[in-house]
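The values are calculated or read from the model by the stated rules, or taken from the named source; none is laboratory data. Just so we're clear, the structure is a prediction, and the values are computed from it rather than from any experiment. Cβ atoms come from the backbone with ideal geometry, glycine included; neighbour counts cover every protein chain shown.
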Amino acid sequence: MFEIVDDTNTAQTQVTDNVNPPSTADLSRTTNKDTIWVNSGNSEYTALNNEEIEKLKNLLRTLENPSNACFLTQSMTGNDLMEMERLKEKLATEFETKDLGPLCYFLRMEVARNKSGISVSQRKYILDLLKETRMPGCKPVDTPIDLVKKIGEQKESTPVDTGRYQLLVGKLIYLSHSRSDIAFAVSVVSQYMHAPCEEHVKTVYRILNYLKGSLGKGLYFRKNETRSIEGFTNAN
């Protein structure tokens, strides 16, 4: 299944390399002085062969039974529509494909278009995160972090679930790709993933409070011929 985006000139490719196990002859040349080692190597190589054969059998069963087939959703990007159409036709000769049309939702990102450009947001991702943390009805705040109150490593503090903290911060890091307004706050809380305390968790929750009040924000790519990136800041 393929989704088309014609506003960029990037392409994504995934490559998988298969590494073949060493042959019995190679093992014999390097261990010909130790018969026990050679026999052990032969047995291991035979076991590997049997495992690969079993994998091949499973693959054949999948091909024989369409209900076990695998499905892949992939996006295609580029600025040459004719070349993209030729690529789609080529892929259709090798695989059973379905064109899903313009990209709308991919990797938890929502894509919308108008005549002047493209917007990318993660509103649903934020709502799911608020629901996961039991904060769908939390009170919004105007800023993602309290700039007056500084946080750091607390020597005397209440310990928290490190794994839970790392999971939340990791999700916020992914969200910051489309929400640059929380990038600084997320960079601060990510510094304490090795030993978080209650104060750090409160800072993470403040970011969630801020997201609650700014669900519609995201990135907007205006339609123009310029390929350069411009940034603005009021930092000293």
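For this structure, a couple of remarks:
- Exactly one residue out of I207, I173, I229 is closer than 30 Å to C104 by Cα, modelled with pLDDT of 95 or more and surrounded by fewer than 18 Cβ atoms within 10 Å (Cβ to Cβ), and it is I173.
- Test result for E110, touching a Lys or Arg at 6+ places or on another chain (Cβ under 8 Å), outside any helix (DSSP H, G or I) and not assigned by TED's automatic domain parsing to the domain that holds S214: yes
- Here is the figure for the stretch 93-144: residues that are in contact with a helix residue (DSSP H, G or I) (Cβ under 7 Å, 6 or more places away or on another chain) and within 17 Å of K171 (Cβ to Cβ) total 12.
- The stretch 210-226 - residue that is among the charged types (D, E, K, R) and modelled with pLDDT under 90 and, of those, surrounded by the most Cβ atoms within 10 Å (Cβ to Cβ): K223
- Among the residues of the stretch 133-163, those that are charged (D, E, K, R) and surrounded by 13 or more Cβ atoms within 10 Å (Cβ to Cβ) comprise D146, E153.
- Entirely in the stretch 134-236, the helices (runs of 4 or more DSSP H) that have 2 or more residues that are out of contact with any Cys (no Cβ under 7 Å at 6 or more places or on another chain), small (G, A, S) and under 27 Å from R123 (Cα atoms): 162-175, 183-189
- Of the criteria (1) at pLDDT 80 or above; (2) surrounded by 14 or more Cβ atoms within 10 Å (Cβ to Cβ), which one S75 fails: (1)
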